[in-house]
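In what follows, a structure is listed as structure tokens, so that the remarks can point back to it.
The values are calculated or read from the model by the stated rules, or taken from the named source; none is laboratory data. Bear in mind the structure is a predicted one, so any value in this text is a computation, not a measurement. FYI the Cβ positions are ideal-geometry reconstructions off the backbone, even for glycines, and counts take in every protein chain you see.
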Amino acid sequence: MAGSILGNRVLRKEDPRFLTTGGVYVDDLLTEPMLVGAAHVTYVRSTVAHGLINSVDTTDALAMPGVIAIYTAADLELQPVASPFNPMVTRGLLAIDKVRFVGEPVAIVVTELSSQGEDAAEQVIIDYDVLPALVDIEEAMTSTTLLYEGAGSNVVFDTSFLGMPAISGPDFFADCEVVVKGRFINQRVAACPLEVRGSAVAWGDDGRLHQWLSTQGAQSARTTIATANGVDPALVQVITPDVGGGFGAKISCYPEEALLGVVAKKLGRALRWRETRSENMMAMGHGRGQVQYVTIGGSRDGKITHYQLHFIQDAGGFAEIGTILPAFFGRPMASAVYAIPNIECQSTAVVTNTVFTTPYRGAGRPEATAAAERSLDLWALELGLDPVEARRINLIPKFLEPHTTAIGQTYDVGDYETALDKALAAAGYDELRAEQARRRAAGDVVQLGIGVSTYVEITGGVEPFGEHAKIVVLDNGRANVYTGTSPHGQGHVTSWSMLAHEQTGIPMDQIDVIWGDTDLVPEGAGTMGSRSLQHGGTAVWNAAIELVEKARKLAAKLMEADEADVVLDKDSGSFHVSGTPSITKSWADLAVAAHTDEELPEGLQHALFFQGAASFPFGSHVAVVEVDTETGKVRLVRQVACDDAGKVLNPMLLEGQIHGGIAQGAAQALMEEVRYDSDGNPVTSNLADYAFISAAELPSFEVVHMETPTHLNPLGAKGIGESGTIGSTPAVQSAVIDAVSHLGVRHIDMPCTAEKVWRAINAVTS
């Protein structure tokens, strides 16, 4: 829009601080008065995947230098806590009687120095009766060895428990001319945030618990912490400093964090805790972790009429939120972008002796998209269709009014074919296919693979659909924007400043954004599920609009004018009577006057936006790879992305989010995988053993812009934080398979490592 800052490339306000003085993270709070002299916490973690705890001997550890105290679950009188998703699945904040994965906290060591804690923890002797470890999801489903005897089964959640229909048998496909089946692995991955988990706590003289925490949502963490400490949430202040990445894994408040207040109160001393990288890899929630069974059927002309999908989710050692992600975010997206009239989808979650699963960038939607897109590729291969043509035949036609799919999910707006066309044109799809044909005809060692994905995802779909914001104008004319969202790299400071500036005219450099302190922002839902702009940003937008209206009322009173005649000159950031620009009232004037005005609340402030439903961004990705058929080595050479997130606020921030998402999606497709041995020991517990992608493995991404605004909020915005991951993963995987499909390879499970690709080639050519 002409004269508007919105839609323009605005540099991130937050970056100068990060690039000069640096961020302030939990571990940097060295001068916080309440934390001066704090002791350090180290957790003693299980070294076996599954076992009964016979005894915990702390004698030698207590004699180590600097040790203040050591506590077990019995010492702290901890009681089992039931999973909200299955009340028969219970655990203690420290292990009670039994351990269920390597890395589960068993005891807590408090020392004067953190280094002393590491030494002392090694001296705690735990005697176990080792039980058989269950690592394979499908074996665990039917095993008589149970992780939770009270549950009666290792299946701890199923969509059938909610009354949703289970998938039926082969009769579902009786009318189909063609039926194709597949079994896909969507492997475990680690979030690997740059900043590992950390927290610090202190009880104040006011009887309140003050806790600093690296989290994606301070307000929800406050509730968990209050429950663990047996106090009213009003007696807990959670403060979120800068957060060095979360990617979904820092949504939940972990036992290690919730326990700190309990121990601090017992000792009467402030505490600090920061895990090591290996602890993070072993004990922080993992993402994904599915086996997917798909069956797809239809007619020989390429029209798909029936689709059946069964997610088998690895819940890990406890029924955390990862347990239900396939049910509440995977199943609703089973239709993907396709007009399939008959769909069955079931989700089954199984506990195993591994780290529990949590949300990870996309949280259920990438898994559903991967299943659909691999199914479409197999469908195309079976019918001898180009993968693009197979998709085009089955796409839902363009709609600008809500559309309900066969699975029962209502999408807001969609134009999937246009997104596909834009991505294909930018990639030069026909030319790529011609080059592929040339290499195949020549028998080149290095073959070209082209992968295409077309996706839709759900964003802002985590209740509550509302978000809080408040704008306070200070006496000097600066503005504080308070938000219930919590940035950890998304660019909220820039975005919220743009929105407030657009309505008020207050310069962006005079707008400060405040978040992550429950005393200052008591209500908020945090940052997850690509909700920030459409929920939190719209709340700021509405707050700014109402702020201007309140200010106009006050300005009219001060200038003894009719309110309807008062205008805001956004260029100068001042109010004047229409036709009389020489007499003005600045924001500073109004802020001072508001202190004494009886009709207006002090501070010129307001707050809340409620979006009644989720939005559904969509897009298409084209990935191009080169595969060495002699070694299996894969090189990603191009990634073209068209991601429609509705109305774009700041193209620079949009591209940053897409770039990060593509990197993570490509990493899952090509290299990342959390692995355990048969005894449940993690074998990827550090960044030397866990393949972590870098710029060296990635090309420059090509981003194609497209805007299809949603009607659900006044900004027209949909989420973008996870789209890159959702679109890129199946495109890259498909590209790898496509490169060797002419040799007879039909499928390669992720990650498509050189060894896997080499084995797949040799399996069909030897």
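Let me confirm something: among Glu139, Glu118, which residue is acidic (Asp, Glu), surrounded by fewer than 23 Cβ atoms within 10 Å (Cβ to Cβ) and within 27 Å of Asn229 (Cα to Cα)? From the options Glu139, Glu118, the qualifying one is Glu118. Restricting the stretch 612-643 to residues that are among the polar types (S, T, N, Q) and in a strand (DSSP E or B) leaves a set whose member that is farthest from Thr729 (Cα to Cα) is Ser615. Just one residue in the set Ala441, Ala419 is closer than 28 Å to Thr527 by Cα and modelled with pLDDT of 95 or more; that residue is Ala419.
Residues of the stretch 223-232 include at least one that is in a helix (DSSP H, G or I) and surrounded by 24 or more Cβ atoms within 10 Å (Cβ to Cβ).
Quick one: in the stretch 278-324, of everything that is part of a helix (DSSP H, G or I) and touching a residue at least 40 places away in the same chain (Cβ under 8 Å), which residue is surrounded by the fewest Cβ atoms within 10 Å (Cβ to Cβ)? Selected residue: Ser278. Residues in the stretch 708-766 that are touching a Lys or Arg at 6+ places or on another chain (Cβ under 8 Å) and free of Cβ contacts under 8 Å to residues at least 40 places away in the same chain: Ile748 alone.
Mind checking whether some residue in the stretch 726-745 is assigned to a loop (DSSP other than H, G, I, E, B) and assigned by TED's automatic domain parsing to the domain that holds Leu432? Taking every residue of the stretch 726-745 in turn, at least one turns out to be assigned to a loop (DSSP other than H, G, I, E, B) and assigned by TED's automatic domain parsing to the domain that holds Leu432. Against the conditions (1) touching a helix residue (DSSP H, G or I) at 6+ places or on another chain (Cβ under 7 Å); (2) assigned by TED's automatic domain parsing to the domain that holds Ser572; (3) part of a strand (DSSP E or B), Thr485 satisfies every one except (3).
If you go through the stretch 132-142 and keep only what is farther than 18 Å from Phe356 by Cβ and either in contact with a helix residue (DSSP H, G or I) (Cβ under 9 Å, 6 or more places away or on another chain) or part of a loop (DSSP other than H, G, I, E, B) (or both), you end up with just Pro132. Note on the stretch 180-202: residues that are part of a strand (DSSP E or B) and among the hydrophobic types (A, V, I, L, M, F, W, C) total 7.
For the stretch 139-186, filtered to residues that are aromatic (Phe, Trp, Tyr) and modelled with pLDDT of 95 or more, the residue that is nearest to Asp679 (Cα to Cα) is Tyr148. Checked against the criterion of being assigned by TED's automatic domain parsing to the domain that holds Glu275, buried (at least 18 other Cβ atoms within 10 Å of the Cβ), among the hydroxyl-bearing types (Ser, Thr, Tyr) and touching a Phe, Trp or Tyr at 6+ places or on another chain (Cβ under 7 Å), the stretch 102-114 has no qualifying residue.
Inspect all residues belonging to the stretch 596-606 and state whether any of them is surrounded by 18 or more Cβ atoms within 10 Å (Cβ to Cβ), under 30 Å from Pro464 (Cα atoms), modelled with pLDDT under 95 and of a type in the set (A, V, I, L, M, F, W, C). Within the stretch 596-606 (the criterion being surrounded by 18 or more Cβ atoms within 10 Å (Cβ to Cβ), under 30 Å from Pro464 (Cα atoms), modelled with pLDDT under 95 and of a type in the set (A, V, I, L, M, F, W, C)), the answer is yes, since at least one residue qualifies.
For the stretch 512-537, a residue qualifies if it is out of contact with any Phe, Trp or Tyr (no Cβ under 8 Å at 6 or more places or on another chain), buried (at least 24 other Cβ atoms within 10 Å of the Cβ) and not in a loop (DSSP other than H, G, I, E, B), and the qualifying residues are Ser532, Leu533, Gln534. Here the stretch 142-166 is the region considered, the condition is being in contact with a Leu (Cβ under 8 Å, 6 or more places away or on another chain) and surrounded by fewer than 16 Cβ atoms within 10 Å (Cβ to Cβ), and the residue that is nearest to Thr42 (Cα to Cα) is Thr145. Residues of the stretch 195-204 include none that is farther than 18 Å from Leu29 by Cβ and in contact (Cβ under 8 Å) with a residue 24 or more places away in the chain.
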